[in-house]
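The values are calculated or read from the model by the stated rules, or taken from the named source; none is laboratory data. Model, not experiment: these values are computed from the prediction. For neighbour counting, all protein chains shown are included, and Cβ atoms are generated from backbone atoms with ideal geometry for every residue, glycine included. Quick note on the areas: whole protein, heavy atoms, side chains included, nothing else; ligands and nucleic acids left out. Shrake-Rupley method; radii C 1.70, N 1.55, O 1.52, S 1.80 Å.
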Amino acid sequence: MTTIFSRGNIGNLKTRNRIFMSPMGTGTDPDGGFSEQSRCYYEARAKGGFGLINLGATTCTMKYEPKPCNVLDNQPMVERLQRVVESCHAYGAKVSLQISAGIGRMAFSEAGKPPYAASAVPGTYFPDQLCIPLSIEQIHDIEESFGNTAMWAKAAGCDAIMVQGYGGYLIDQFMCPLWNQREDEYGGSLENRMRFPLNLIKQVKTKCGEDFPILFKFTVAHGIEGGRTIEEGLKIAKMLEEAGVSELHVDQGCFEVWYKPIPTVYDNFGTKLEMAAKVKEVVGIPVSCDGKLDDPAVAMEAIASGKVDFISLGKQSIADPEWPNKVKAGKLSDIRACIGCNDCLLGILKGRLVQCAVNPTVGYENFTQLNPGEYNGQKILIIGAGIGGMECAITAAERGYSVTVWEKETRMGGLGNAAAAPYMKISVKNYIEYLKAQILKHADRINIILNKEATIDAIKRFNPDKVVMATGSIPVIPPIEGLKNNPRVGAATEYLTDKFHVEGNILVIGAGLVGCETALDLAYKGNKVIVAEMLSKIVAKDEINANNEMKLSQLIKDAELDMRFNTLVKRVTDKTVVLETDGKESKVPYDYILVAAGTRSNDQLLDKLYDNFENVYVVGDANHPGRIMEAVHQGYSVANNMF
């Protein structure tokens, strides 16, 4: 039986297993070349057991748009790519370079400077601004440049190239009538719209040889009005096979429904498998897909059932580069689960290096590895077993230190348990379980004491040499008449951690991330929910990537939640809540009210700690209420650098 660890064939390319690393951006040298950080990043995934490393999108020319990613547009850039390739080959992985012809209408343009695209269609970031259609001469120039980039990739040692023909990027724009409204030989019929991608394939074969493997990542269906249908997508799959493509990497969606190509914390596992299976039914070449295949059982079943020939991991390969090795060894509890937050993507879009909320070494592999420890019996106390505290303890133990952790609750996880509680957040649950497993794995070095309240007197009696305050944050209850001391009012986090039970008619105050997720969970359990938000949209103050916000909005729409924006909660009586929306008051009945109006640091002990101890460190929400990323990174950094 074929498994994810069976050898694979893509044309004349042989892989050690059926596990790909999906192409994703990482950050580049200033000129767009592959950086030393990128080399270390990809090397870690090769060492972790991936069979084929698909390097992130690399544009073939910067003549028509600023660099959105890596660039390989001249021969002197080959040597930096070669270092990446050789580093991956050294650990037995094969390497493919995803080549981009550009991102067209999705280019990061400025007002008054519309991007080039297939047609004069609205730009993504300035929809009232029409793109500049590429001329025939410019199209030919891009085709030639694409072939040159493939030639240089082969010269650098790449075993294959992948065409970036998906997701509404430039190649896909030519392929779809929604964005291609040309009336020349590159527009109109499907055959004409396919002329550009097929010419790119011809260029690669001309400059790299007929037998050089070409993978093509394409979108079967866009899932938006006017976008590609499944029927046309399957025709395209056959055309690509006839053109000599060696493998099809199946995708779905586009920027307008960004959670389809890039799944979120709210999505189920295996989001693209059914679409890929449809493609596999109509072609004879290998087929792969990604789409939240983080769960080993789902990934293994995808291969065993024949839905795909290869599985590909995107964000999970960032969260844990050792996923293949751990699965092969049966060390499933050691897999650091991706939580689907898409902070990796958010960072890149802001011009930063790729980072990961749960893996603090990502983007900094060359200088954030564990430092050798010199444990000399010093007493280290970590106050709080939330995400930051657990990460700190685990990192310390991995360096050889022994630590004591005090946790006032009956279980580990802190507010991470609240983040993991909604029905659609299994990915976060898996991550919390991973942390707990690592704590138990290092039980010889981590002494966890639950139901232990940290007071300054107790800490002084313990007399630690170093103290880490990881006490998290506490809910803010706004000063609204009738809210305080009301037995039917609780914090949303109290509901999510099973400390406050509600049912019936529920008012949620606040449509930030916590408020929206709480409301969805309440509605899923059969409650009638109203959400009151003083601002004009959901998650207005949260740092959240666009695809997660899109998916959250879709879930809210599907659940038919009663969302009241631009709404103030004026006062609360025994039976009703008075709301004011755009200056007009209304009364709504309630059984319970849940407040999701933010948190503040639980730092009451901090000044006393500074007064009594020399080495005091603060991590996570205790330092400043934020995301999981801050808690993890700060916990890791303190344990790696300050102990």
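Give me the distance between the Cα centres of segment 571-590 and segment 216-290, rounded to whole Å.
48
When all protein chains stay in place, what accessible area (Å², nearest 10, 1.4 Å probe) is found for residue 125?
Approximately 90 Å² of residue 125 is accessible to the 1.4 Å probe.
List the lysines whose Cα sits under 16 Å from the Cα of residue 499, skipping any in the same chain fewer than 8 residues away.
408
Which order do the peptides 29-35, 284-290, 377-383, 329-335 come out in when sorted by mean C-beta neighbours inside 10 angstrom, highest first? Please report the intermediate quantities before stating the final value.
Values: 29-35: 17.7, 284-290: 23.0, 377-383: 19.3, 329-335: 13.9.
Result, highest mean first: 284-290, 377-383, 29-35, 329-335.
Just to be sure I understand, if you calculate Cα extents along the principal axes in Å for this structure, which of (i) 185, 85, 53; (ii) 93, 71, 56; (iii) 76, 67, 50 do you get?
Given (i) 185, 85, 53; (ii) 93, 71, 56; (iii) 76, 67, 50, the calculated one carries the label (iii).
Can you list residues whose amide H is under 5 Å from residue 116's amide H, if they're 5+ apart or on another chain and H is modeled 1.01 Å from N?
132
Excluding residues fewer than 8 places away in the same chain, name every one of the aspartates and glutamates whose C-alpha is closer than 16 Å to that of residue 63.
Those aspartates and glutamates meeting the cut-off are 31, 73, 137, 141, 143, 144.
Could you derive backbone 3J(HN,Hα) for segment 510-523 from the dihedral phi with the Karplus parameters 6.51, -1.76 and 1.60 (θ = phi - 60°), listing whole Hz in sequence and x where the residue is Gly or Pro?
Values, residue by residue: x, 10, x, 4, 5, x, 5, 5, 5, 4, 5, 5, 4, 5 Hz.
Quick one: of 278/350; 217/541; 379/425; 537/584, which pairs are farther than 30 Å apart, Cα to Cα?
278/350; 217/541; 379/425
Taking the Cα atoms only, what angle lies between the long axis of helix 195-208 and the longest principal axis of the chain, rounded to 10 degrees?
It works out to around 80 degrees.
Roughly how many Å² of residue 606 are accessible to a 1.4 Å probe, to the nearest 10?
About 30 Å², ignoring ligands and nucleic acids.
Give me, ordered by chain and number, the residues 5 or more places off residue 25 or on other chains with an amide H under 5 Å from its own placed amide H.
57
On a C-alpha basis, how far is the centre of segment 295-365 from the centre of segment 95-109 in Å? Whole number, if you could?
Taking the Cα centre of each part, segment 295-365 and segment 95-109 sit 23 Å apart.
Per-residue HN-Hα couplings for segment 625-633, Karplus 6.51 cos²θ - 1.76 cosθ + 1.60 at θ = phi - 60°, whole Hz, x for Gly and Pro?
In residue order, the calculated couplings are x, x, 9, 4, 4, 5, 4, 5, 5 Hz.
Give me a comma-separated list of calculated 3J(HN,Hα) values for segment 548-553, in order, Karplus coefficients 6.51, -1.76, 1.60 applied at θ = phi - 60°, integers in Hz, x for any Gly or Pro.
Values per residue, Gly and Pro as x: 5, 5, 4, 5, 4, 4 Hz.
Rounded to whole Å and ordered largest first, report the semi-axes of the equivalent ellipsoid of segment 272-323 derived from its Cα gyration tensor (root of 5λ).
Semi-axes (√(5λ), whole Å): 21, 10, 9.
Which value, in Å² rounded to 10, gives the accessible area of residue 128 with a 1.4 Å probe and all protein chains present?
Counting only protein heavy atoms, residue 128 exposes about 140 Å² to solvent.
With a 1.4 Å probe and all protein chains kept in place, how do 205, 260 rank by accessible area, largest first?
Result, largest first: 260, 205.
What's the carbon and sulfur percent of the chain's accessible surface, probe 1.4 angstrom, rounded to a whole number?
On the chain, the fraction of accessible area on carbon and sulfur atoms equals 49 percent.
For residue 29 and residue 6 in one chain, what is 0.36 nm times their gap in residues minus the Cα-Cα distance, to one decimal in nm?
On the way: separation 23, 0.36 × 23 = 8.28 nm, distance 3.62 nm.
This chain segment gains 4.7 nm when fully extended.
If one takes the longest principal axis of the Cα atoms in the chain, at what angle in degrees, from 0 to 90 and to the nearest 10, does the Cα axis of helix 426-441 lie?
70
Anything over 25 Å Cα to Cα? Flag those among 113/292; 272/328; 94/441; 272/436; 14/205; 528/575, in the order listed.
Distance filter (> 25 Å) returns 113/292; 94/441; 272/436.
Tell me which residues come under 5 Å, amide H to amide H, from residue 618 once H is placed; ignore anything under 5 positions away on its chain.
Result for residue 618 returns 469.
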